[in-house]
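Just below is one structure, and these are the notes that go with it.
The values are calculated or read from the model by the stated rules, or taken from the named source; none is laboratory data. Treat the numbers as computed from the prediction; the structure is a model and nothing was measured. Here Cβ is always computed from backbone atoms with ideal geometry, including for glycine, and neighbour counts include all displayed protein chains.
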Amino acid sequence: MPFHEVTKLDQRRELARLANIPGANRSALARAFGVDRKTVAKWAERAAALGEAGLCERSRRPRASPARATPELEGAVLALRAAHPAWGGRKLHHALARTHASAPAPSTITEILRRNGVELGLLGGGQKPFIRFEREAPNELWQMDFKGHVALAGQGRLHPLTVLDDHSRFCLVLAACADERTDTVKTHLQRAFRAHGLPHAIISDNGSPWGDGPGSPFTPLGVWLIEHGVRIAHSRPYHPQTMGKDERFHRTLDLEVLKAQTFDAIGDAARAFARWRGVYNGERPHQAIGYAVPADRYRPSARAYRERVEPFCYQREDLLVRVIEGGRIRAFGRQFRAPKAFRGKHVAIRPADEDGLYAVFFRHVEIARFDRATGKRHPPNLSTLSQNAWP
């Protein structure tokens, strides 16, 4: 004779039948079936009212969900995610909150995405938090770099040039360049200066075209920036954290633009960059600034850009000389060396803070130092690159 498995439904059926017998001792039945009196009463009443159907499990889902997102709002979540596949629940929440008064909570948005088969966590995230430092106001410091280079589907390579405001994370320049030359960078910086004014300082790495390697910070581009009253700074060698905000921007650019499409030509990349830059500055919530968008925190600089270089007044006691071919200067009856980037520029020679040494200044910046007696070169005082005495 085969064994028969006793199911929960069988047990409920037997319990209800016994409990509904007139005069039944429901307390004794509760002990016998290992349940409480309320459970005995529940199944007895359901069986009496609905018969066999009353003994089946009921859905625990509430009859109404007042807080559930409307179909329209759910559609807005899915549309925004489709437009920005790298954004997670929190970023989508803050973006929707800018246009919808009742934007779903981040957890609700994540559930909406899961419910609709949107695969999460494929495009980044999961990094450990780190301590962030930022300047107190817009335009105190801009970070500038090239994001490597990318092969074009047609012919040639794309060199994305990026400039980011340290305080607001506002992207001032996102240019599709064909090379990494000084004139290319200068052209895009001029456009940014005309549109946003001058920053107080710009930091970049030590490579060309903004640096000549560690310890050699002067290049023609840096000279041009000094002439316009912009302090120049360089990151510590092999220490990308110094340029952390621009590095993080590059990762976002790679994730949301460069990996999402292939460009046939520079012009295609330029159009894509222009569209995405508008999204990044004005629509994409940024976690590091409390999920505001960069445009909320950025303001143009009060320092206007002038096309022509303003004259500079040196100290009355300075000896003014011109840097000639090879970075040479003539003073005190002999030749001394100065950085080649200043060729053709007038510089000032004045006594340094050490006996017997003289410093060579270009505007506010000390660019060289030498011993008058021996002609031996000494390292310049590069702290003048970041003095608060600048305009």
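In this structure, is residue 331 of a type in the set (A, V, I, L, M) and closer than 20 Å to residue 202 by Cβ?
no
Consider the stretch 186-201. How many of its residues are part of a helix (DSSP H, G or I) and in contact with a Phe, Trp or Tyr (Cβ under 6 Å, 6 or more places away or on another chain)?
Selection size over the stretch 186-201: 2.
What's the number of the condition residue 281 fails, among (1) in a loop (DSSP other than H, G, I, E, B); (2) of a type outside the set (A, V, I, L, M, F, W, C); (3) under 27 Å from residue 201 (Cβ atoms)?
(1)
Restricted to the stretch 76-132, and to residues that are charged (D, E, K, R) and at pLDDT 70 or above, which residue is farthest from residue 285 (Cα to Cα)?
Within the stretch 76-132, the match that is farthest from residue 285 (Cα to Cα) is 115.
Which condition number does residue 42 fail, the rest of (1) under 28 Å from residue 111 (Cβ atoms); (2) modelled with pLDDT of 80 or more being met?
Answer for residue 42: the failing condition is (1).
Suppose we keep only residues that are polar (S, T, N, Q) and under 14 Å from residue 142 (Cβ atoms) within the stretch 191-240. Which one would you say is modelled with the highest pLDDT?
Going residue by residue through the stretch 191-240, those that are polar (S, T, N, Q) are 204, 206, 208, 216, 219, 235.
So of that shortlist, the ones also under 14 Å from residue 142 (Cβ atoms) come out as 204, 235.
Working: 204: 88, 235: 74.
Filtering the stretch 191-240 for residues that are polar (S, T, N, Q) and under 14 Å from residue 142 (Cβ atoms), the one modelled with the highest pLDDT comes out as 204.
Go through (1) buried (at least 20 other Cβ atoms within 10 Å of the Cβ); (2) under 19 Å from residue 181 (Cβ atoms); (3) modelled with pLDDT under 90 and name the single condition residue 243 misses.
Failing condition for residue 243: (2).
Just to check your reading of the model, which residue among 167, 149, 159 is assigned by TED's automatic domain parsing to the domain that holds residue 266, at negative phi and in contact (Cβ under 8 Å) with a residue 60 or more places away in the chain?
Every option except 167 fails the conditions.
Among the listed residues 252, 262, identify the single one that is part of a loop (DSSP other than H, G, I, E, B) and of a type in the set (Ser, Thr, Tyr).
Answer to the selection: 262.
Are there any pairs, at least 6 apart or on different chains, whose C-beta atoms fall under 6 Å, with the first in the stretch 301-326 and outside the structural domain of residue 364 (by TED's automatic domain parsing) and the second aromatic (Phe, Trp, Tyr) and surrounded by 10 or more Cβ atoms within 10 Å (Cβ to Cβ), and if so, which?
What qualifies is 305/193.
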